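Reading through the structure tokens given below for one structure.
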Amino acid sequence: MKLPYSEELNIEYLGRLFDNTSECYKFFWFKAIVAKVIEGKCELTYEELVDEMIADAWYMVIEYNLNLGPKDTLENLVYLIKMKNPELKSKEEKSAIIDFLRNTDDKEIISKKRTLTYNVPYRLQSPFMRNMNGNDWNVGENELISRINQEKRLIYYFSELKGLTTVIRVQEDWANYIQKNQEIIRGWLEYKMIQYLQRRNPNVPGIVDKIKPPQKRELERVKKYWKLILTLESVDEIYGGKSLTEDNISIDHFVPWAYVAHDEMWNLIPTTKEINSAKSNKLPDWDYFKELVKQEYEKSYKLIWKYDKVHEEFDKCVKYHINSDDIRYRLYREGLTPIEFAGELKSIIKPVYNSAMNCGFGNWKYSEKDEKEA
């Protein structure tokens with residue numbers, strides 16, 4: 001992606017901000033600056049930028065289990081905050097996360113927030129500072145700020161060092177450039193971040209959908225399909241054996257959406273609203289696969305070929321929820337025996353399941369206690 005040209009600014013150096021990036025901090029720091037500048041702010045404290053970084057990383061770490069980098073302080077801080085404050089949900093509103101960070105008096109969290117400011121505020125602009133090399137960077141923060149403030153045409157400069165209350169001042173011409181070209185800059189930044197995260201998480205699908213807060217998913221077609229089936233036969237969900245009704249039915253991703261980042265029909269199963277909420281983005285124990293096969297074959301596959309109206313509703317789902325012609329043929333062609341169907345479904349879902357487990361998605365089993373607390 002090419003950034004818009006400017007006669008006044010050195011866009012070549014801007015385009016090199018993320019060259020040779022081995023840690024995630026630069027992406028989150030610059031993303032926070034861009035967000036604040038777009039809001040119209042040009043004087044920003046370390047603390048408000050760090051809080052923005054943590055809130056932006058929250059969903060990637062807690063909801064999606066993404067690896068942000070080797071020995072990553074930001075990732076570890078997010079886990080620490082979640083451990084100390086379990087009431088903060090994986091899908092928590094960004095404003096609630098920032099409010100907590102502003103008001104916390106937890107000394108460990110505050111100390112680790114400060115740690116995030118030791119290098120990235122200074123190193124980010126290194127492409128602009130051609131005269132600083134090697135040991136020039138290995139000095140105290142006060143001296144480093146003094147040296148950087150003598151450089152010309154940087155994106156931002158520093159006030160006197162005062163811990164998390166230290167202020168950076170984004171220069172007017174750069175602020176105008178960011179505001180004028182905000183959509184392109186955001187797209188460029190997301191592209192660079194996706195490239196980095198894909199390298200750090202080579203086996204994780206749907207990275208592009210995991211750099212933003214979770215969005216509401218459209219599963220009404222699949223729910224309508226299963227509600228039709230409920231008018232023809234009784235259906236028990238697979239986790240707790242609860243009888244499904246038109247009022248309590250909910251659609252669950254067997255392998256969590258937070259890992260697969262898609263709504264493919266072979267991974268969607270009916271359960272109750274309460275159990276779906278209790279399971280959340282956890283990975284169910286593999287023993288449930290037997291019940292999954294039984295339900296999918298007896299209550300879905302067989303009825304597709306038994307009732308025309310079920311087949312018609314299934315075909316409506318296919319357009320949005322089966323994106324592979326190969327999988328549709330293998331799993332939904334007429335005439336499969338129970339053993340053949342089980343084999344095909346296992347060959348599709350087991351590699352995805354194993355990969356999710358390797359990425360840290362926890363093993364979950366149903367309990368009435370979890371259901372009541374959900």
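Computed from the coordinates by the stated procedures, all read-outs in this text should not be read as laboratory data. A quick note: this is a predicted structure, and the numbers were derived from the prediction, not measured. Cβ placement follows ideal geometry from the backbone for every residue including glycine, while neighbour counts extend to all protein chains displayed.
Is there a quick way to get the dipole size of the stretch 220-373? I mean about its Cα centre, with the Cβ of Lys and Arg at +1 and of Asp and Glu at -1; what is the value in debye to the nearest 20? Walk me through the numbers on the way to the answer.
On the way: 24 positive and 28 negative charges, 29 e Å.
My answer is approximately 140 debye.
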Within the stretch 232-267, which residues have the backbone N less than 18 Å from the label spot 7 Å out from LYS290 along Cα→beta-carbon, could you tell me?
236-242
Could you pull the Cα extents of the stretch 132-228 along its three principal axes, largest to smallest, in whole Å?
70, 32, 25
How big is the gap, in Å, between the Cα center of the stretch 319-348 and the Cα center of the stretch 1-56?
46
Given 0.36 nm per residue, what is the gain on full extension from GLU160 to ASN142 after removing their alpha carbon distance, in nm?
5.7 nm
Match the structure shown to one of the listed values [x] 135, 88, 29; [y] 67, 46, 37; [z] 78, 44, 34 of Cα extents along the principal axes in Å, computed from it, and give that label.
[z]
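Extension gain ASN119-ASN131, at 0.36 nm per residue separation less the Cα-Cα distance, in nm? Could you put the intermediate results ahead of the total?
Values: separation 12, 0.36 × 12 = 4.32 nm, distance 1.78 nm.
In short, 2.5 nm is gained.
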Log entry: pair-distance distribution for the stretch 220-373, C-alpha pairs binned every 10 Å from zero, whole % per bin is 11, 42, 38, 9, 0
Pair GLU233, GLU8: separation of 7 Å Cα→Cβ label points (nm)
7.0
So what's the gap between the Cα centers of the stretch 69-105 and the stretch 158-174, to the nearest angstrom?
24
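Of all alpha-carbon pairs in the stretch 11-210, indicate the percentage at a distance above 27 angstrom. Each step should come with its number before you reach the end.
Working: 5745 of 19900 pairs.
Counting every Cα pair in the stretch 11-210, those more than 27 Å apart make up 29 percent.
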Could you quote the convex hull projected area for the stretch 277-362, Cα atoms only and averaged over all directions, in nm²?
6.5
Alpha carbon centroid spacing (whole Å) that separates the stretch 227-247 from the stretch 258-277
15
Consider a paramagnetic label point 7 Å from the Cα of SER22 along Cα→Cβ; state which residues of the stretch 178-212 have an amide N under 15 Å from it.
200
Expressed in nanometres to one decimal, the distance between label points 7 Å along Cα→Cβ at ILE110 and GLU39 is 2.1
Could you tell me, in Å, what Rg and Dmax come out for the Cα atoms of the stretch 190-308?
16.2, 51
Within a Cβ distance under 15 Å of ASP325, other residues only, what is the Lys/Arg minus Asp/Glu net charge?
0
When the Karplus curve 6.51 cos²θ - 1.76 cosθ + 1.60 is applied with θ = phi - 60°, which whole-Hz ³J(HN,Hα) does each residue of the stretch 230-242 get, with x for Gly and Pro?
5, 6, 10, 8, 6, 9, 9, 6, 8, 8, x, x, 6
